[in-house]
Amino acid sequence: IGGSTNAVVHLLAMAGRIGVPLTLKDWDDLASELPCLLNLQPSGKYLMEDFYYAGGLPALMKEIAHELHQDALTVNGKTLGENIKDAPCYNRDVITAYEQPFKPAAGIAVLKGNLAPDGAVIKPSASSPHLLKHRGRAVVFEDTEDFRARIDDDDLDIDENEQEYELFKEVTQNEFVPAFMIIEEGTTKAELFAPSRDYDEISEAIEIIKKRI
């Protein structure tokens, strides 16, 4: 569905609490090659209401049934497979077929490199194609205070071909979790990967981004 990258953060945290061995590598192995079947903003053009009237999540899950544990029991006492086997799709422009996906190989992907040695999460379905393969410098800030102090500086050493990255580490349950923010040039899109647990701080960061771009 081209969902939020926050799902990775939350599910890793929940898995850790109950002792399930789930890692970023698992996400990359299982999700990076999955197609995106939902033509929904920000990856596509339709709205959540259109998704609902096209058949909603049951219709989409039916398309990926072969990727799911259909024998899993759900809260209504039926298995997942029983719940979705007869789910109709009313609009193939909104929910595409698995064999003819809206975007191929567009699931959540995990990147690693010198900027994020422990891994960083992206959503390819909502990324501009020309940025999926990009070479350029990155402006790295020491922390959020440094970011706020310099992000609006006209002398910041960037041009239209470069992206701005904020990299810092957040301590969570005695482990360092990589965090980053990607600002896509010329838009108001911002992918946030566990940058903060404070809603006001995130909102303030987004407003700074909007002013900058």
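The values are calculated or read from the model by the stated rules, or taken from the named source; none is laboratory data. Just so you know, these numbers come straight off a predicted model, no measurement behind them. FYI the Cβ positions are ideal-geometry reconstructions off the backbone, even for glycines, and counts take in every protein chain you see. Ligands, DNA and RNA are stripped out before the accessible areas are found, and what is left, the full protein with its side chains, is counted by its heavy atoms. Shrake-Rupley method; radii C 1.70, N 1.55, O 1.52, S 1.80 Å.
Quick check, is G55 out of contact with any helix residue (DSSP H, G or I) (no Cβ under 8 Å at 6 or more places or on another chain) and in contact (Cβ under 8 Å) with a residue 24 or more places away in the chain?
On the way: out of contact with any helix residue (DSSP H, G or I) (no Cβ under 8 Å at 6 or more places or on another chain): yes; in contact (Cβ under 8 Å) with a residue 24 or more places away in the chain: yes.
Criteria met by G55.
Residues that are more than 14 Å from N39 (Cα to Cα) and within 23 Å of the chain's Cα centre (by Cα): find the helices (runs of 4 or more DSSP H) completely inside segment 53-155 holding 1 or more of those. Spell out how you get there, then give the answer.
Numbers: elements: 56-63, 80-84, 144-150.
Of the helices (runs of 4 or more DSSP H) lying wholly inside segment 53-155, those with at least 1 residues that are more than 14 Å from N39 (Cα to Cα) and within 23 Å of the chain's Cα centre (by Cα) span 56-63, 144-150.
If I filter segment 29-42 down to residues being within 23 Å of S128 (Cβ to Cβ), at pLDDT 85 or above and outside any strand (DSSP E or B), which single residue comes out as most open to solvent (accessible area, probe 1.4 Å)? Steps first, answer last, please.
First pass over segment 29-42, keeping only residues within 23 Å of S128 (Cβ to Cβ): 31-42.
Then drop every residue that is not at pLDDT 85 or above, which leaves 34-41.
Narrowing further to those that are outside any strand (DSSP E or B): 34-35, 37, 39, 41.
Details: L34: 56, P35: 25, L37: 4, N39: 11, Q41: 102 Å².
Selected residue: Q41.
For segment 43-53, give me the residue count where each residue is surrounded by 15 or more Cβ atoms within 10 Å (Cβ to Cβ) and at pLDDT 90 or above. If you could, list the steps in order and put the result at the bottom.
As a first pass, look at segment 43-53 and keep what is surrounded by 15 or more Cβ atoms within 10 Å (Cβ to Cβ): 43-44, 46, 50-51.
If we keep only those that are at pLDDT 90 or above too, we end up with 46, 50-51.
Number of matching residues: 3.
Condition first: in a helix (DSSP H, G or I) and out of contact with any Leu (no Cβ under 7 Å at 6 or more places or on another chain). Now tell me which residues in segment 9-28 satisfy that. Talk me through it step by step, then tell me what you get.
Step one: filter segment 9-28 for residues in a helix (DSSP H, G or I), giving 9-18, 24-28.
Correct list: V9, H10, A13, M14, G16, R17, I18, L24, K25, D26, W27, D28.
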